[in-house]
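One structure below.
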C-alpha cells in the first residue's frame with residue numbers, strides 16, 4: 001500500500017470516528033470508543049491532561065471495586081462530574097449511552113501503570 | 001410582485017397525494033384537517049404563537065405555523081395516514097409556558113376529520129427553554145457580548161444548553177464560587193478548542209491537526225476562560241426579561257418546514273434547486289451532498305468525487321448547477337443538477353500552495369456571478385487572499401490582501417465575497433480583523449479598504465443589491481452596515497434587534513427588496529427593509545437554531561437555510577429549512593398541502 005493510500009485511509013478513518021459512533025461500535029474496541037466519544041480531549045491513559053489519567057482514576061478506586069462503583073462512575077460520565085478531582089467538574093456527555101459508559105468504566109478501572 | 005409558484009407544488013403534491021391515498025387506504029385513517037388556537041389561562045387569544053405539529057409527517061420532520069391576530073391557526077392542507085388521536089402540537093410564545101392541550105375531533109361529513117388542538121398557555125417570567133441563547137447575554141456589556149460571540153459562537157450557540165448545564169455543575173460545587181469558575185472555564189475553553197481543532201482538521205491532508213490551543217480562542221484560552229468565568233455566573237436555569245427587540249415578521253400564513261437529516265452528519269449549508277425543486281445540503285463531516293425530496297423527505301446522497309477527504313462546506317447555486325467549496329483544501333466541485341455529473345478543480349496559490357476557498361462570488365440573486373471574463377473569484381481564508389479560477393481554461397491566480405498596520409493578516413479570516421453588477425469589482429470581508437474592501441478584477445489591484453474601529457465587530461458573509469449597495473453583517477457587534485460601493489461610503493450602521501444575536505450572513509431579497517439576516521445565536525432571522533429602515537423578527541421553532549447562510553429561492557421567494565452547529569458534542573439540530581414568510585402579496589402557495597404520515601406511525 002502506498003503512503004498516499006495509507007494517508008487517505010487514515011483520514012477517512014478519522015472522519016468516520018469523528019462523525020459516526022455507530023461505525024466504531026462494531027469494532028468492539030473500547031479505546032476506539034473512548035476516542036470516538038471525544039474522551040481524549042481531556043483524558044489519556046497515563047498522563048494527566050485537562051482531567052486525570054485513566055491510570056490515576058483506576059488507582060483512586062483500587063480499594064473498592066464493585067458493580068455499584070461501575071454504575072456510579074458510568075452515570076458520572078454521562079451526567080457530568082461534581083469536582084471529585086478538584087474544582088473543575090467533568091463535562092456532561094449526553095452523546096455517550098449508559099451502556100457505553102459502563103464499558104468505558106470497566107476498561108478504565110483495569111488500567112495500571114505501564115499498560 | 002406576484003409569482004406563479006405552482007412550479008414547485010405540482011409534482012411533489014401529486015406524488016404526495018398518491019402516497020397519501022395509498023396510506024389512507026391501507027391504514028383506514030381519514031384525512032385530518034388541523035386547526036385550533038392559543039389561549040392564556042384567562043381565555044384570551046394569543047397572537048403570533050408558534051404551533052409546531054408533532055411528529056412524523058412525510059416531507060418535513062416538523063411543520064410550524066403561527067396564530068393570527070385572533071389567536072387561531074389553521075394547518076395548510078390535510079394530514080393523511082395518521083389517526084387524529086396521534087397528532088399533537090407544541091406551542092411556544094415568549095413569556096408563556098405551554099401547559100396543556102385541549103383536543104376535539106369532529107367528522108366533517110365527507111369521511112374526513114377535523115382535529116382542533118387548543119394550546120393553553122400560562123404566563124411565565126422564566127424564559128429558559130423559550131428564549132434564545134442570546135437572551136442570557138443581554139445584560140453583558142457590548143464589548144463582552146462581542147468577545148463571547150467571536151470566541152464561541154463560531155461553532156455553537158453560547159450559552160448552549162450544554163454550556164448552561166456545565167455552569168450549573170460549577171455553581172453547585174462547594175467552596176469559593178468565583179475561584180471555581182476561574183478554574184473551570186479556561187479548562188473548558190481548552191476542551192472546546194480541542195474539539196474544534198478536530199473538526200477543522202477534516203479534509204486537509206497537509207494540515208491534519210491544527211494547533212488545539214489556537215482554534216477559535218485564537219490562543220487566548222485564559223482570556224476567554226476568564227471572560228466566561230466573569231459572565232456565566234451562578235446557576236443558569238432562569239432567564240427573564242428578554243424580548244425580540246422588533247415586531248415579529250410572522251402571521252397566520254407563515255409556514256416553517258424543517259427537514260431533519262439522519263445522523264451522523266454535520267449539515268452546514270442548504271439551498272433549493274432543480275425542477276421540481278429539491279433541498280441540497282452540505283455535510284461537512286463526510287464527503288457528500290445530501291439531496292432532500294421536499295415532498296417525501298427522502299434523502300439521496302451525492303458523493304463528491306475526490307481522492308481527498310474534504311467535507312463540503314460552502315454551497316453556491318449556479319445556472320442549473322451547484323458549486324461546492326471544500327473545507328478548506330482548495331477543492332472546488334460543480335454538480336450539474338439535471339444530469340448529476342460532477343466537474344472538479346484543485347486550486348492553488350501562485351506559489352503552488354493550497355488555496356483555502358471559503359466563498360465564491362455571489363451576485364444580487366444569491367447565485368454564482370463570474371467576472372466579465374468568466375472568471376470565478378473566491379475568498380481565501382487560509383492565505384488571506386482573493387483568487388480566481390477560470391472553469392473553462394483552468395487558469396487561476398491569487399492576490400494576497402494588503403496588511404493593515406496592527407492587525408496581522410494571519411488572523412484576518414477572509415470570509416464573504418460578492419461581485420458588483422459591472423462584474424469588474426469584488427468586495428470581500430475579513431472577519432478576524434474587522435475590515436472589508438474591494439478588488440478590481442480588470443486592473444487586478446486592490447482598491448477601497450474600510451477598517452472598523454471595533455476589532456471584534458466581525459464582518460462576515462456579504463450581500464450586494466442590483467444597485468451595488470453592499471450589506472455587511474457584523475457578527476460580533478450585532479449590527480448591519482449598508483455601504484454604497486459606487487460612492488465608496490457607508491450609508492448607515494444599524495443596530496440589530498438583539499446585539500448578541502451573532503448575524504452570520506446577509507442575503508439580499510430581490511423579490512421583496514429587503515435584507516434577510518440569519519443569526520447564529522438568536523434562533524431568529526431578521527428582516528430589514530431599506531425603504532423604512534425597520535427591522536422585524538422571524539422566530540424559529542427550535543432551540544439551538546444556529547443559522548449560517550440563507551437563500552431566497554429565485555423561482556418561489558421561499559427562504560431556505562439550515563441549522564448548522566459545528567461541534568458534534570453540542571447537540572444542536574441538523575436540519576434544512578424552507579420558510580414561507582406568509583407575505584401572500586408576494587407569494588402564492590407552493591408547497592404540498594397534503595401531508596402524509598410516515599409509515600402510518
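Taking the three principal axes of the alpha carbon atoms in segment A:58-115, the coordinate ranges are 29, 27, 22 Å, sorted in descending order. Note that segment B:498-549 shows a convex hull volume over its alpha carbon atoms of 72 Å³ per residue. Relative to the dominant Cα principal axis of chain B, helix B:161-171 is inclined by about 80°. Look at A:72, B:537, B:130 and count the other Cβ atoms within 10 Å of each Cβ; fewest to most, that gives A:72, B:130, B:537. In chain B, the calculated helix contribution to ellipticity at 222 nm averages -4500 deg cm²/dmol per residue, counting -39,500 (n - 2.57) for every DSSP H run with n ≥ 4. Applying 1/(1 + (r/R0)^6) with R0 = 41 Å to the Cβ-Cβ distance of residue B:392 and residue B:513 gives a FRET efficiency near 0.75. In plain terms, if you count all Cα to Cα distances in segment B:62-177 and split them into 5 Å steps from zero, the share in each step is 2, 8, 13, 15, 14, 12, 10, 9, 7, 5, 3, 1, 0, 0 percent.
Between the C-alpha center of segment B:467-485 and that of segment B:277-334 there is a gap of 28 Å.
Note: relative contact order over chain B, using C-alpha pairs below 8 Å and six or more positions apart, is 17 percent. For the segment B:181-188, counting C-beta atoms of other chains within 10 Å of every residue's C-beta and taking the mean gives 4. Per-residue mean of foreign Cβ neighbours for A:85-96 is 6 (Cβ atoms of other chains, 10 Å radius). Spin-label pair residue B:107-residue A:62: with each label point 7 Å from Cα along the Cα-Cβ axis, the two points sit 7.7 nm from one another. Length, then width, then depth: along the principal axes, the Cα atoms of segment B:255-587 run 51, 48, 38 Å. Taking Cα atoms only, the orientation of helix B:6-27 departs from the longest principal axis of chain B by about 40 degrees. Mean sequence separation of contacting Cα pairs (under 8 Å, at least six apart), scaled by the length of segment B:240-318, corresponds to a relative contact order of 23 percent. Between 0 and 90 degrees, rounded to the nearest ten: what's the tilt of helix B:142-152 against the longest Cα principal axis of chain B? Roughly 90 degrees, rounded to the nearest 10. What the Cα convex hull of the protein assembly as shown gives, in volume per residue, is 178 Å³.
With contacts taken as Cα pairs under 8 Å at a separation of at least 6 residues, segment B:255-587 carries a relative contact order of 14 percent. Take the Cβ atoms of residue B:223 and residue B:449, set R0 to 35 Å, and the FRET efficiency comes out at 0.80. For segment B:286-359, the pair-distance distribution built from all alpha carbon pairs, in bins 5 Å wide starting at 0, is 3, 16, 25, 25, 16, 8, 4, 1, 1, 0 percent. Among rounded, prolate and oblate, which fits chain B when a ≥ b ≥ c are the square roots of the eigenvalues of its C-alpha gyration tensor, a/c under 1.5 means rounded, and a/b larger than b/c means prolate? Cα axes put chain B in the oblate bin.
Coordinate-derived values only; no laboratory data. Keep in mind the model is a prediction, meaning the values are calculated, not measured. In this analysis, Cβ positions are derived from the backbone assuming ideal geometry, glycine residues included, and neighbour counts consider all displayed protein chains.
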